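Heads up, the thing below is written out as structure tokens.
The values are calculated or read from the model by the stated rules, or taken from the named source; none is laboratory data. Remember, it's a predicted structure, so these values are computed and weren't measured experimentally. Cβ: placed from backbone, ideal geometry, glycine included. Neighbour counts: every protein chain shown.
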Amino acid sequence: MRDLLPRERAIWRVAEKAAAEVARSFGYEEIVTPVIEHADLIERVGEETDTVAKELYRFDDRGGRNLALRPEATAGVVRAYFEGGLSQGTQPSRLYLIGPMFRYDRPQKGRYRQFFQFNVEAIGVGSAALDAEVIELAAGWLHGVGLGELRLELNSIGDAKCRPAYLERLQAYYQPFKSQLHGDCQLRLESNPLRLLDCKVAQCQPFKTGAPRVTDHLCEECSEAWAEVQLLVDAAGIEYQLNPYLVRGLDYYTRTVFEFYRAGATGQQDALASGGRYDGLAEAEGWPSTPGVGFAGGLDRVTELMAASGEEVIAPPPADVVVLADGNLDVAAADVARICRTVRSVAVDYERKSLRAKMRSANKLGARWVVLIGAEDAERRTAQLREMVSGEQVEVAWADLPAKLMR
Ligand code: HAM
């Protein structure tokens, strides 16, 4: 976990603002859910997944409840959709959330134990058009922050109707090679065969090419949805690659799954944003069966790329105006600051040091103006207003400061 210092926050603010703006431009509303959920709710997301099995921060609270720091937001957003009565409102519920997630993963560049996601969910309508909508929204956000060169990978992994038969085929195909697979994949063959397809270990690669492809074994409804998603993503002018091995790390996905990468990035790399449809999640949480689709973008990775690609973000100075008073004129300094603050951001230097030294720190801070107050000024309720760049200095009555600072 890491601190984000003020100088780093400037680029984060750009990414967060773009996220909120693009979400609102598609009619999505903000939702905030707690970072702690019942561990039970999270486990229903998929006990077979690393995110839950190995990476969950789990603890008992003082009331003996078994809780978890959320490793992702979708499970909690779906819970809130029902508990908050959104399921009774206009459908779909279009929601976005920006906040921290927690996974006990091996930390490395672009992968943290506390990381931030921009999460988007459309819940309550099963139309494949919404799959394309959230893909377009994700692309819009990444373009908006200057990451235009993207590679979108797309797949469909079927649903509860057609996937079981496909998984049997997949298992039957892999069974003869079982002893040649690496340890985890031998286990996956029994517990979660779909994950055989996204194994990155070299010894398992030769078997993938001959494996049956899920998109060749979709039921009629899934096939139609798959065709519509592609049609709409094409119509949005977004390029993509079909990746039959893309299956995603969370168990709740049905039909469309997708991941955005930086174009040209090679080797094993991390997705900038990823998601898919999760029509079985609400039911797995114990609610009435309700379709949903969404994605999450990783703010840590996106801001790192923005910084690396030279995205110009000039951090504004913390204050436009610095008020400096001579000696112990703290009351006068605070009064003047209050007056100036009606039109500009203002910091007061209360340190007991020479005016010269205070001028130097005001300069460092990048303030546009300095307001100087000497003992005589304070008595007459005047001040010396100095514009730092030009060095121009004029005497101004306190009451006239706002008008001067507005120019
Ligand atoms: P996810 O693929 O686990 O999906 O995470 C989404 C994004 O979060 C990733 O593409 C990546 O950018 C970022 N991310 C994940 N783990 C880390 C980490 N340890 N450090 C930094 N960034 C990370 C989900 O979480 C789903 N809930 C997405 C979703 C929403 N599906 C449907 N709706």
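Some points to look at:
- Among the residues making up the stretch 266-283, those that are surrounded by fewer than 18 Cβ atoms within 10 Å (Cβ to Cβ) and away from the ligand (no atom under 11 Å from the Cβ) are THR266, GLY267, GLN268, GLU283.
- Any pair with Cβ under 9 angstrom, 6 or more apart, that starts in the stretch 289-309 at a residue that is free of Cβ contacts under 8 Å to residues at least 40 places away in the same chain and ends at one that is within 13 Å of the ligand (Cβ to nearest atom) and in a helix (DSSP H, G or I): SER289/ALA282
- Residues that are touching a Phe, Trp or Tyr at 6+ places or on another chain (Cβ under 8 Å) and buried (at least 22 other Cβ atoms within 10 Å of the Cβ) within the stretch 76-96 comprise VAL78, SER93, ARG94, LEU95, TYR96, listed in sequence order.
- Single residue of GLY63, GLY76 found to be under 23 Å from the mean Cα position of the chain (by Cα) and either of a type outside the set (D, E, K, R) or more than 30 Å from ARG188 (Cα to Cα) (or both): GLY76
- Any hit, the stretch 46-55, residues being in contact with a Gly (Cβ under 8 Å, 6 or more places away or on another chain), over 30 Å from GLY310 (Cα atoms) and at pLDDT 95 or above: no
- Pick from the stretch 318-347, criterion in contact (Cβ under 8 Å) with a residue 60 or more places away in the chain and part of a helix (DSSP H, G or I), ranking: nearest to ARG407 (Cα to Cα): CYS340
- In the stretch 284-308, the residues that are near the ligand (Cβ under 9 Å from one of its atoms), of a type outside the set (Phe, Trp, Tyr) and within 25 Å of LEU242 (Cβ to Cβ): GLY292, VAL293, GLY294, ALA296, GLY297, GLY298, ARG301, VAL302
- Residue among ALA263, ALA236 that alone is within 20 Å of the chain's Cα centre (by Cα) and away from the ligand (no atom under 13 Å from the Cβ): ALA263
- In the stretch 60-125, counting only strands (runs of 3 or more DSSP E) that sit wholly within it, the ones holding 2 or more residues that are within 14 Å of the ligand (Cβ to nearest atom) and touching a Gly at 6+ places or on another chain (Cβ under 6 Å) span 93-102, 114-123.
- Per-region count, the stretch 28-44, residues in contact (Cβ under 8 Å) with a residue 40 or more places away in the chain and out of contact with any Asp or Glu (no Cβ under 6 Å at 6 or more places or on another chain): 10
- Hey, SER191 hydroxyl-bearing (Ser, Thr, Tyr) and within 17 Å of GLY249 (Cβ to Cβ) or not: yes
- Lone qualifier among LEU281, LEU232, LEU218, LEU194 - being at pLDDT 90 or above, out of contact with any Pro (no Cβ under 7 Å at 6 or more places or on another chain) and within 22 Å of GLY140 (Cα to Cα): LEU232
- Being hydroxyl-bearing (Ser, Thr, Tyr) and within 12 Å of the ligand (Cβ to nearest atom) is a property that does not hold for SER223.
- Evaluating ARG103 against the criteria (1) crowded, with 19+ Cβ neighbours inside 10 Å; (2) over 17 Å from the mean Cα position of the chain (by Cα) leaves one unmet condition, (2).
- Of the residues making up the stretch 348-371, just one is assigned to a loop (DSSP other than H, G, I, E, B) and of a type in the set (Asp, Glu), namely GLU351.
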